[in-house]
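First the structure, in the form of structure tokens, and then the observations on it.
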Amino acid sequence: MTAYFNGRFMDKDEVRISPDDRGFLFSDSLYEVIRYYPGLLFRPEAHIRRLNHGADHLKFACRDFSHLVPVARDLIRQNHLFDQDALVYIQVTRGPAPRNHAFPDPEPEPTVYMCVSSFDPAGKDRQRKTGINAITVPDIRWVRCDMKTTGLTANVLASQQAAEKKAGEAIFVRDGVLMEGTHSNFMAVLDNTVITAPLSNYILGGITRETVLDLCRDLDIRVFQEPVYENRIHLASELLITGTTTEIIPIVTLNTKPVGKGTPGPVAKAIQAAFSSRIQQLQKQHPWFSSMKKGFI
Ligand SMILES: Cc1ncc(COP(=O)(O)O)c(C=O)c1O
């Protein structure tokens, strides 16, 4: 596979990251995962905006990574993935420097790494139809969850807890509020209204969350960006998670208790259908799509 490393395209196996890299030593590092549908890189600018937000708050030497959007497309092309489902992975770190907690002086060049992989949507497609089991776990993360850093220890541990309980996701609960999943945002349906935690430092501003809220407006589904309280969760007729690879997946049991009827509900299904239509519509509009159909790319 061809990857991109510090300004150069090279074989992924030839990428050499210093053991002094602050991403490795301190998780002083940010990442993004962008979904590629055949012919369509989905909302790369939104992902880069979020990356820039993190870089700004972490005071990285580089705080604008918009030049990586064409690189992402180049990687798809160079790896012959343009007619497939794929994922683009981006990681940027503060760079290599002798180990010392405070920022290095002088600032090193940030490390920039990108790779692509083909993505088989079959597993997620199944989960979208059947729904998943989920569990709740205490939110032991730090309080800057709005930055997509690679410091994911709490997410890894919670995800493992879910896996051991045969659940597809763990939902973090902070002060009695269901915040988000380990790799997804969380929404509840109460009285035909979608309720989801407001944007704050306690959750990641998901790109899919944003798209779903926009689709709800099109669908005339009422949305409240408000805390979803644990002690009211039994009143929810539906629960769902959203994310880049997840898209929209209904939760059919929470902590082994059925949610609503214990099957994917009408709101989740309507949002799923609207999301698929939006992707298809965007694919058709994208110049790559018609070239791909004609076999040009
Ligand atoms: C903690 C967390 N919340 C939410 C999301 C969903 O964000 P997006 O829709 O941008 O993938 C992710 C995605 O990885 C995540 O890690």
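Around Gly123, with a cut-off of 15 angstrom between Cβ atoms, what is the net charge of the other residues, counting Lys and Arg +1 and Asp and Glu -1? Let's see the in-between values first.
Working: positive: Arg35, Lys124, Arg126, Arg128, Lys129, Lys166; negative: Asp85, Asp120, Asp125, Glu169, Glu247.
Counting the neighbours of Gly123, the net charge comes to +1.
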Could you give the length gained on full extension between Asp56 and Ser237, defined as 0.36 nm per residue of separation minus the Cα-Cα distance, in nm? 61.2 nm
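Rounded if a/c is under 1.5, else prolate if a/b beats b/c, else oblate: with a ≥ b ≥ c from the C-alpha gyration tensor eigenvalues square-rooted, which is the chain? Intermediate values should be presented prior to the final figure.
Numbers: a/c = 2.01, a/b = 1.28, b/c = 1.57.
Cα axes put the chain in the oblate bin.
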Set the Förster radius R0 to 35 Å, insert the Cβ-Cβ distance between Arg278 and Asn100 as r into 1/(1 + (r/R0)^6), and round the FRET efficiency to 0.05. 0.15
Euclidean distance between Cα centres, the stretch 1-49 to the stretch 104-136, Å: 11 Å
Residues of the stretch 209-234 with backbone N under 15 Å of the label point set 7 Å from the Cα of Lys257 along Cα→Cβ are 229-234
For a quick check, take a GNM of the chain with Cα springs below 10 Å and name the residue from Gly123, Gly176, Gly23 with the largest mean-square fluctuation. Gly123
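In square nanometres, what is one fourth of the surface area of the convex hull spanned by the alpha carbons of the stretch 90-133? Mind dumping the intermediate values first?
Details: hull surface 23.2 nm².
Value for the stretch 90-133: 5.8 nm².
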Stretched out fully, how many nm does the piece from Asp214 to Asp191 gain, at 0.36 nm a residue minus the Cα gap? 6.4 nm
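What value, in deg cm²/dmol to 500, does the helix sum -39500 (n - 2.57) over DSSP H runs of n ≥ 4 give at 222 nm once divided by the residues of the chain? If you can, show how the numbers build up before the last one.
Working: 8 runs with 90 residues, N = 297.
Result for the chain, helices only: -9000 deg cm²/dmol.
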Give the lysines whose C-alpha is closer than 30 Å to that of Lys257, dropping any in the same chain fewer than 8 places away, or say none. Lys124, Lys129, Lys165, Lys166, Lys269
Distribution of pairwise C-alpha distances over the stretch 2-120, 10 Å bins, in %: 14, 44, 32, 9, 1
Percentage relative contact order, the chain, counting C-alpha pairs under 8 Å, at least six apart: 18 percent
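Obtain the radius of gyration and the Kirkwood radius of the stretch 124-282 from its C-alpha atoms and give Rg over Rh. Don't skip to the end; give the middle numbers.
Details: Rg = 14.3 Å, Rh = 15.4 Å.
Result: Rg/Rh = 0.93.
Among DSSP beta bridges lying fully in the chain, give the percent that are antiparallel, nearest 5. Mind dumping the intermediate values first?
Details: 47 of 59 bridges.
Close to 80 percent.
Every read-out reported here was derived from the displayed coordinates using simple, explicitly stated rules and does not represent laboratory data. Being a predicted model, the structure only gives us computed values, none of them experimental. All Cβ positions, even for glycine, are placed from backbone atoms using ideal geometry, and neighbour counts span all protein chains on display.
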